[in-house]
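> My structure is below; once you've seen it, I'll send some questions.
The values are calculated or read from the model by the stated rules, or taken from the named source; none is laboratory data. This structure is a prediction, so every number in the text was calculated from the model and none was measured. Cβ placement follows ideal geometry from the backbone for every residue including glycine, while neighbour counts extend to all protein chains displayed. Each accessible area value is taken on the protein alone, full model and side chains, heavy atoms only, with ligands, DNA and RNA left out. Shrake-Rupley method; radii C 1.70, N 1.55, O 1.52, S 1.80 Å.
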Amino acid sequence: MIDQKLTHWKKLHNPDYLGSYAFDPEEEKIATVQSVGLEMVVGPDGKKEECIVARFREPDIKPMILNATNCKIISKMYGTPHIEKWTGRRVQIFVEQVRAFGELVDALRIRPKEPQVALPELTPGHEKWPGAVASLRDGKIDLAGIRKHFKVSDATAALLTKAAHDAQA
């Protein structure tokens, strides 16, 4: 029998914030922090509460209300308690069962290590190649900077450097 993709009932309510309902079993999401700050949150019961909210660069990942546990993990992981320094940092979010209010409930948690994300490989056929050549030519970036965003073999680095040099001539 083939497993069907199942729909959590909370997905039908289109909540404003990320919750365990948004994860398939064993799924984890990697998100890049866009901002963290205090926001007024309205709960399902209509009660308003000021919460710490993380917003992410990925458009398909809703904002996440951060509890003290997750804030401490991010703070320790990146070596700073200052939320402004969390911008641009990646977090790996997963669901864990925790004991709360006398029962086991699903809670969102942040993995306590920086997620490793495979970089795309830059090749002459890649859509970003012309931009990389132009940026290298114009001195806007060097090879080390390009390697922060792309996997670049030594052979490709030589081609990239040559293309940037030829474009200057």
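To keep it simple, each residue is scored yes or no on (1) among the charged types (D, E, K, R); (2) touching a residue at least 12 places away in the same chain (Cβ under 8 Å).
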{"position": "Leu18", "(1), (2)": "no, yes"}
{"position": "Val33", "(1), (2)": "no, yes"}
{"position": "Asp45", "(1), (2)": "yes, no"}
{"position": "Cys51", "(1), (2)": "no, yes"}
{"position": "Pro63", "(1), (2)": "no, yes"}
{"position": "Gly79", "(1), (2)": "no, no"}
{"position": "Lys85", "(1), (2)": "yes, no"}
{"position": "Phe101", "(1), (2)": "no, no"}
{"position": "Glu114", "(1), (2)": "yes, yes"}
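> Give me a count of the residues in segment 65-88 that are at pLDDT 95 or above, more than 17 Å from Pro112 (Cβ to Cβ), in a loop (DSSP other than H, G, I, E, B) and not β-branched (Val, Ile, Thr).
Adding up the residues that qualify gives 1.
> Which of the residues belonging to segment 8-18 are at pLDDT 90 or above and either over 17 Å from the mean Cα position of the chain (by Cα) or not aromatic (Phe, Trp, Tyr) (or both)?
Correct list: Leu18 only.
> Quick one: Leu136 ticks every box in (1) under 30 Å from Val53 (Cα atoms); (2) part of a helix (DSSP H, G or I) bar one, so which box is it?
Here Leu136 meets the rest and fails (1).
> Scan segment 133-143 for residues that are more than 13 Å from Lys162 (Cβ to Cβ) and either loosely packed, with under 12 Cβ neighbours inside 10 Å or among the hydrophobic types (A, V, I, L, M, F, W, C) (or both) and jot them down.
Those that are more than 13 Å from Lys162 (Cβ to Cβ) and either loosely packed, with under 12 Cβ neighbours inside 10 Å or among the hydrophobic types (A, V, I, L, M, F, W, C) (or both): Ala134, Asp138, Gly139, Lys140, Ile141, Asp142.
> Just to be sure, is Val41 modelled with pLDDT under 95, β-branched (Val, Ile, Thr) and open to solvent by 60 Å² or more (accessible area, probe 1.4 Å)?
Judged against the criteria, Val41 is not a match.
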